[in-house]
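Here is the structure we will look at, set down as C-alpha cells.
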Ligand code: UD1
Ligand code: UDP
C-alpha cells in the first residue's frame, strides 16, 4: 500500500476528503470494533478478525488526527456503506400502532424470506388490542413487547415509555439497522433511540409533508424529526422523495419504494370474502349505499369531530338508502363523541374496530369512504372507492391529484355538501370511482429489502424506483 493516503470517497451524506494519513496502514475507527485500513482508494473497514472488508465509507463531520501509531478520527461518526463481504445483517423493526403494524407486516415477511437478513421485531404496543389484531392476522410474534399502552395516554407518556424500553432492547439486540415506520410517537421515539445508540435508522414511508406543524398533530413533526434522525429514507412516492430533497436529505440515501400498505392490501382483499359478524353479514350491499366512516385524529377530537358526526347524521337523514358503518377507534375521547352524536340512530352502525381482513373487504364493497385516516387514503383509491377526507390538509396529495380523493374539511355544512354531491351526481361519482395506484404496486417491501442490502454493500445496485404506470 502506498505510504501516504489522499483520496476522495463517496459517501451517503457528502464527499469527504481524507488527507495526509501518513505512512500508517491501520487506523482505528470511531465505531470501535472495526478498523479503517488501507490507503488511497483502497481504504476500507476491517472487522475484528479481518472478516469484513468494506469498499468505501462515509463520515459525518470531519476527521481530526489524534496522533500515535494510528489515527483516530475524533468527533467523526463513520457511516458504513458498501460492505463487500458481509454475509448477514441484523435488522430490528420497531412499531406500536395498528397502521404501523399493517404496513410493516409485509416488510417483516419479506425480510424473513431473505437469507441475508436476521429480523428482530420489537413492538412498543402503543396500541394494545388494535395492534394485536394485526399481529395475529399476519402471524407475527414479536421478539420484544414493551407493552406501554395506558388508557388516555399522553404524548409524553408514550415517548418516555417507548424510549426507556427501547434503550434496553437495543443494548441487547445490537442491530445493524433499525427500521421505523411513518409518523407516530413510536416512530419518533424509535428513531431517537436508534440515533442515541448510533445505529443506522431506516425510515419507511419517509417524506410525507403537509408543511403545517399542527396538522396532522403531532404526526407532521414526528415525520420531520424522524427524517432528521434517519440514515436511509424509503419514500413511498416520487413526491415524498422531492419533499426530502427540498430538505437537503442526501439523494443517495433515498429510494422510492411504493407504500407497503398496498402489499398488505393485496394479501387480504378477496372478491369472494363473506362477512361473518353482524351487522356486516346482514347488510344488503346491492340495495344500500354503504358509507364507511372512520375518524380518530387527535386534531379532530372535540368540536371538529362533533361537526363531522353531525354532518354524518344529516346525510343519513337526507338519504334513505344510505347506511353508515363506523368501526370506532378505541380512544375513549372518540368513543364518547361518537356515542353522544351518532349512537342509537337508524342506519348508523357504531361497531368495534374491525380486523384488517373484514375491514379491507368492507372497503372493497362500500359505496364511498369518509375518513380522516392516513392509511385509508392510500388503500381506498386502489380499490376504486371515492374518498372524502375529513381534514383541512393532507400529506397524501397523489390521490387528490388523480381525482379519487377530495378534501371535505371538518365543518358540518361542507362535509354534508361534499357527500351530497357524490350521492346525487352519478357522473362525479363515476369520475372519482376509478382505481388508481399512485401509492404502490405490491412490491414495496421487496424494494426496501433490496435497498437495505444495497446500503449495506451486499447488493451491488440499488433497486429501481417505484413508478406508477401512467394512466393506471
Ligand atoms: C395513534 C397515532 C396516530 C395514528 C393512530 C392510528 C400518535 C401520536 N398517534 O393515535 O398517528 O393515526 O394511532 O390509529 O402516535 N386505545 C385502546 N386500545 C388500542 C388502541 C388505543 O384502548 O388498541 C386507546 C387508549 O385509551 C389510548 C388511546 O386509545 O390511550 C389513544 O391511543 P394513542 O396511540 O395515544 O393515540 P391514537 O389516537 O390511537
Ligand atoms: N383499519 C382496520 N380496522 C378498522 C379501521 C381501520 O384494520 O376498523 C385499517 C385500515 O385499513 C388502515 C389502517 O387500519 O390500513 C389505518 O389505521 P388508522 O386509521 O387507525 O391510522 P392512520 O392510517 O390514520 O394512521
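Bear in mind that the values in this text are calculations on the coordinates, not laboratory data. Owing to the predicted nature of the structure, the values given are computational and were not obtained by experimental measurement. Methodologically, a virtual Cβ is constructed for each residue, glycine included, from the backbone with ideal geometry; neighbour enumeration extends over all protein chains shown.
Packing around the peptides 183-191, 407-415, 154-162, 366-374, taken as the average count of other Cβ atoms within 10 Å per residue, puts them in this order, highest first: 183-191, 366-374, 407-415, 154-162. Put in line by how crowded their Cβ is, counting other Cβ atoms within 10 Å and starting with the fewest, 148, 266 read 266, 148. For the stretch 336-384, the calculated P(r) over all alpha carbon pairs, in 5 Å bins from 0 to the bin holding the longest distance, is 5, 16, 25, 25, 18, 10, 2 percent.
How much length is gained if the chain between residue 317 and residue 336 is pulled fully straight, taking 0.36 nm per residue apart and subtracting their Cα-Cα distance, in nm to one decimal? Provide the component values of the computation, followed by the final result.
Numbers: separation 19, 0.36 × 19 = 6.84 nm, distance 2.16 nm.
Length gained, residue 317 through residue 336: 4.7 nm.
Packing, taken as the mean count of other beta carbons within 10 Å per residue, orders the peptides 168-175, 239-246 from highest to lowest as 239-246, 168-175. Note on residue 434/residue 274: beta-carbon distance plugged into 1/(1 + (r/R0)^6) with R0 of 22 Å gives a FRET efficiency of 0.25.
Look at the alpha carbon pairs under 8 Å that are at least 6 residues apart: their mean separation over the length of the stretch 127-231 gives a relative contact order of 23 percent.
What's log10 of I(q)/I(0) for the stretch 171-321 at q = 0.12 Å⁻¹, Debye sum over Cα points only, no solvent? Relative scattering, expressed as log10 I(q)/I(0), comes to -0.73. Using a simple spin-label model with pseudo-atoms 7 Å out from Cα toward Cβ, residue 393 and residue 143 lie 3.8 nm apart.
Got the relative contact order for the stretch 117-158 handy, in percent, Cα pairs under 8 Å and 6 or more residues apart?
Working: 36 pairs, mean separation 20.6, N = 42.
So the answer I get is 49 percent.
Inter-label distance, residue 136 to residue 425: 4.4 nm, where each label sits 7 Å from its Cα along the C-beta direction. With the cut-off at under 20 Å, measuring from each backbone N in the stretch 295-334 to a point 7 Å along the Cα-to-Cβ line of residue 284 picks out 316-325.
From most to least packed by mean Cβ count within 10 Å, the peptides 320-327, 88-95 give 88-95, 320-327.
Taking 7 Å steps out from each Cα toward its Cβ at residue 196 and residue 346 produces label points 5.7 nm apart. Per the Kirkwood formula applied to alpha carbons, the stretch 272-432 shows a radius of gyration over Rh ratio, Rg over Rh, of 0.92.
Here the stretch 298-353 and the stretch 355-422 have alpha carbon centers that stand 15 Å from each other. Taking a cut-off of 14 Å, what percent of all Cα-Cα pairs in the stretch 362-417 are separated by more than that? Considering the stretch 362-417, 46 percent of its Cα-Cα pairs are separated by more than 14 Å. Computed on the stretch 272-432, with alpha-carbon pairs under 8 angstrom and 6+ residues apart, the relative contact order is 24 percent.
Available extension along the chain between residue 217 and residue 172 is 12.9 nm, counting 0.36 nm per residue and deducting the alpha carbon span.
Between residue 129 and residue 160, what is the FRET efficiency for a Förster distance of 30 Å, r being their Cβ-Cβ separation, to the nearest 0.05?
After rounding, the FRET efficiency stands at 0.85.
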